[in-house]
Amino acid sequence: MENKTQELQDQMLEALSQVIDPELRCDIVSLGLVYGLAMDENGHVTVKLTLTTMGCPLTAVLDTMITRALLAIDAVNSVKIDLVWEPAWSPDRMSRYAKMVLGIHS
């Protein structure tokens, strides 16, 4: 069962890595915006997500893209997005790839 859970977690992260932030032109996983993923026995997924700034005008667009990406996985029946602000996002959460895409040198 644990392998199946890990496989599903990997599938969800892969799906989310296809969700590109329209402003930054980089995926939300590499940007470090996904803080957590959980799925219950009924296929209900909760995504803990943050944004680079409060009041981001693209929140609804990202919600739709995330929901579509996860619902494409057979085991996923519904998606809930919990927007969180703690801990606050910073460029330190970004992957090396995201920093390269955005021209940030660390």
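Values computed for the structure shown
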quantity: Number of positions in segment 89-106 that are in a loop (DSSP other than H, G, I, E, B), closer than 24 Å to residue 55 by Cβ and out of contact with any Ser or Thr (no Cβ under 6 Å at 6 or more places or on another chain); calculated: 3
quantity: Subset of segment 76-106 (residues that are aromatic (Phe, Trp, Tyr) and under 24 Å from residue 41 (Cβ atoms)); calculated: none
quantity: Test: residue in segment 63-75 that is touching a Lys or Arg at 6+ places or on another chain (Cβ under 6 Å), of a type outside the set (Lys, Arg) and over 18 Å from residue 42 (Cα atoms); calculated: no
quantity: Residue match in segment 35-48 (condition: over 21 Å from residue 20 (Cβ atoms), open to solvent by 40 Å² or more (accessible area, probe 1.4 Å) and small (Gly, Ala, Ser)); calculated: yes
quantity: Members of segment 7-24 that are open to solvent by 50 Å² or more (accessible area, probe 1.4 Å) and farther than 15 Å from residue 91 by Cβ; calculated: 7, 9, 10, 11, 13, 14, 18, 20
quantity: Cβ pairs under 8 Å, 6+ apart, first in segment 56-78 and buried (at least 18 other Cβ atoms within 10 Å of the Cβ), second acidic (Asp, Glu); calculated: 62/21
quantity: Residue within segment 61-69 that is within 30 Å of residue 103 (Cβ to Cβ) and outside any helix (DSSP H, G or I) present; calculated: no
quantity: Scope segment 68-91; condition touching a Gly at 6+ places or on another chain (Cβ under 8 Å) and under 16 Å from residue 31 (Cα atoms); matching residues; calculated: 89
quantity: Any hit, segment 81-102, residues being under 16 Å from the mean Cα position of the chain (by Cα), at pLDDT 95 or above and open to solvent by 80 Å² or more (accessible area, probe 1.4 Å); calculated: no
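The values are calculated or read from the model by the stated rules, or taken from the named source; none is laboratory data. Please read all numbers here as calculations on a predicted model, not as lab measurements. Note that we place each Cβ from the backbone using ideal geometry, even for glycine, and neighbour counts take in every protein chain shown. Calculation scope for accessible area: heavy atoms of the full protein, side chains included, ligands and nucleic acids excluded. Shrake-Rupley method; radii C 1.70, N 1.55, O 1.52, S 1.80 Å.
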